[in-house]
Amino acid sequence: MRQKMVVFAVIFILSTCLVGCSNYGIKNEPAIESSIETSASTVEDAKKEESCIPGNTSEPFIGRKDLDSETEKFFYGTWSVEKLLGFADSYNDASEYPTGQKIIGNQIIIDKDFFSSKGLEGYKPYQFELDKPIYEIEEIHYNADSFYRVDKIDLKSLNMNDEVKVLSVSDSSTGLAIPASFLDVNNDRLLLVLEATVFELKRVTE
């Protein structure tokens, strides 16, 4: 009888321990999940913070030089004005601030030996047709902060580490630049700048 009592007592103690361990595990699950969530949140915050830090802090190029072959390959073609992106800090242009909608859908032809902005039908001051135009890189910025500091154009669609080239078009007979320029973003996006207004361009494919 005494042996049975001892066995029963041992079984009772073991059962109590098992229940206690089980409850301990359940109680601590939220803490584990919370720790995982906190860790994931920290990693995400760190990534966001990194995206705001320029990866290339080289000084921008300011001057004039010929287009390189990669820029030429990207730049040449027929482009259509797709949408208005924003404005520089000053709004002294002729493109009907603040919408500029008359230019949407108009086309610009950029070829090695020919340039035409006659397609900008709504704005005569920006209509040019040039034989043997001079295309030049006037600025190269290696991050969005650098571009803003020099050109005072805050474009929300630019990422911090985008490389931005400012391209000019000049009349070879006079050497004078037209009152419009282009922004080449990573040889992937082309933006049109009409003095203080910026538009996104889209390549026209045949």
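The values are calculated or read from the model by the stated rules, or taken from the named source; none is laboratory data. For clarity, every value in this text was computed on a predicted model and none was experimentally measured. Note: ideal-geometry Cβ built from the backbone for every residue, glycine included; neighbour counts use all protein chains shown.
Brief remarks on what is shown
- Every pair of residues 6+ apart whose Cβ atoms lie under 9 Å, when the first sits in the stretch 128-147 and is in the same structural domain as residue 169 (by TED's automatic domain parsing) and closer than 21 Å to residue 54 by Cα while the second is surrounded by 16 or more Cβ atoms within 10 Å (Cβ to Cβ) and of a type in the set (Phe, Trp, Tyr): 139/147; 141/147; 141/148
- Residues that are outside any strand (DSSP E or B), small (Gly, Ala, Ser) and modelled with pLDDT of 90 or more, drawn from the stretch 45-93: 69
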